[in-house]
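The values are calculated or read from the model by the stated rules, or taken from the named source; none is laboratory data. Since this is a predicted model, take the numbers as computed values, not measurements. A quick note on method: Cβ atoms are made from the backbone with ideal geometry, for glycine too, and the neighbour counts reach across all protein chains shown.
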Amino acid sequence: MNRLLGPLRRRIQMMVARAVVSGIADAGGIQALQIEALEGETLEGVERMQDYGFTSVPHPGAEAVVVFAGGTRSHGLVVALGDRRYRLRALQNGEVAIYDDLEQRVHLTRDGVVIESALKVNVTAPQVEVSADHVVVNSDSIDLGGAGGRRVARIGDTVAGGVITGGSTKVRAQ
């Protein structure tokens, strides 16, 4: 009986594996990874499934869970991928975050949404609408309508003959 069930047992044992990503090809319709699964086992062109609306390109060294239909190692499918080197820690129950290796993040916290980046943030749209009871902008420089505009007078600023003579130098407009 063991002789008959042995091949089936081995195929079942080979159906799921942990792996480490060693290469990424992202040009096609589905991302293809090179992975290191069992010791000395390098698999090429392993397809990576990603949730609709979310995509990423992992760094080599990321960890994957791979399933092999029927236990044959010729066609693996990465169904989960993570990278403990960059994972955000200490989130509260129910919180969600999108993050990367540059410490950029969109964090849905228990208190609201937090967007953080040490890099430039761009919003491009034909129209942007902000609805809020109160808006605070903390900035050393504000250019309305583009960079290099003239100073804008605020309520209470000193204006003489159409020239702003006292007040903020931080706000300018085209």
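Somewhere in the range 70-92, is a residue in contact with an Asp or Glu (Cβ under 6 Å, 6 or more places away or on another chain) and over 17 Å from MET49 (Cβ atoms)?
Within the range 70-92, one or more residues are in contact with an Asp or Glu (Cβ under 6 Å, 6 or more places away or on another chain) and over 17 Å from MET49 (Cβ atoms).
Would you call HIS75 more than 27 Å from the chain's Cα centre (by Cα), outside the structural domain of ALA97 (by TED's automatic domain parsing) and not acidic (Asp, Glu)?
So HIS75 passes the test.
One residue is enough: does the range 122-143 have a residue meeting the conditions surrounded by 10 or more Cβ atoms within 10 Å (Cβ to Cβ), over 18 Å from the mean Cα position of the chain (by Cα) and over 30 Å from VAL65 (Cβ atoms)?
Yes; the residues of the range 122-143 include at least one that is surrounded by 10 or more Cβ atoms within 10 Å (Cβ to Cβ), over 18 Å from the mean Cα position of the chain (by Cα) and over 30 Å from VAL65 (Cβ atoms).
Restricting attention to the range 105-153, report how many residues are modelled with pLDDT under 90 and of a type in the set (Gly, Ala, Ser).
8
Any idea which of GLY94, GLY61 is assigned by TED's automatic domain parsing to the domain that holds LEU38 and over 15 Å from the mean Cα position of the chain (by Cα)?
Going through GLY94, GLY61 in turn, just one is assigned by TED's automatic domain parsing to the domain that holds LEU38 and over 15 Å from the mean Cα position of the chain (by Cα): GLY61.
Quick test for you: out of ALA25, ALA37, pick the one residue that is within 20 Å of ALA69 (Cβ to Cβ), without any contact (Cβ under 8 Å) to a residue 60 or more places away in the chain and not basic (Lys, Arg).
ALA37
Of all the residues that make up the range 8-55, how many are under 16 Å from VAL79 (Cα atoms), part of a loop (DSSP other than H, G, I, E, B) and over 20 Å from the mean Cα position of the chain (by Cα)?
The qualifying residues number 3.
Hey, GLY76 hits all of (1) of a type outside the set (Asp, Glu); (2) under 30 Å from MET14 (Cβ atoms); (3) at pLDDT 95 or above; (4) touching a Leu at 6+ places or on another chain (Cβ under 7 Å) but one; which does it fall short on?
Condition (3) is where GLY76 drops out.
Please report, ordered by residue number, the strands (runs of 3 or more DSSP E) entirely within the range 58-158 with at least 1 residues that are out of contact with any His (no Cβ under 6 Å at 6 or more places or on another chain) and touching a residue at least 60 places away in the same chain (Cβ under 8 Å).
76-82
Across the range 31-49, what is the number of residues that are surrounded by 13 or more Cβ atoms within 10 Å (Cβ to Cβ) and either more than 16 Å from GLU63 (Cβ to Cβ) or outside the structural domain of ARG73 (by TED's automatic domain parsing) (or both)?
3
Do we find that THR158 is surrounded by 10 or more Cβ atoms within 10 Å (Cβ to Cβ) and β-branched (Val, Ile, Thr) in this structure?
In short, yes.
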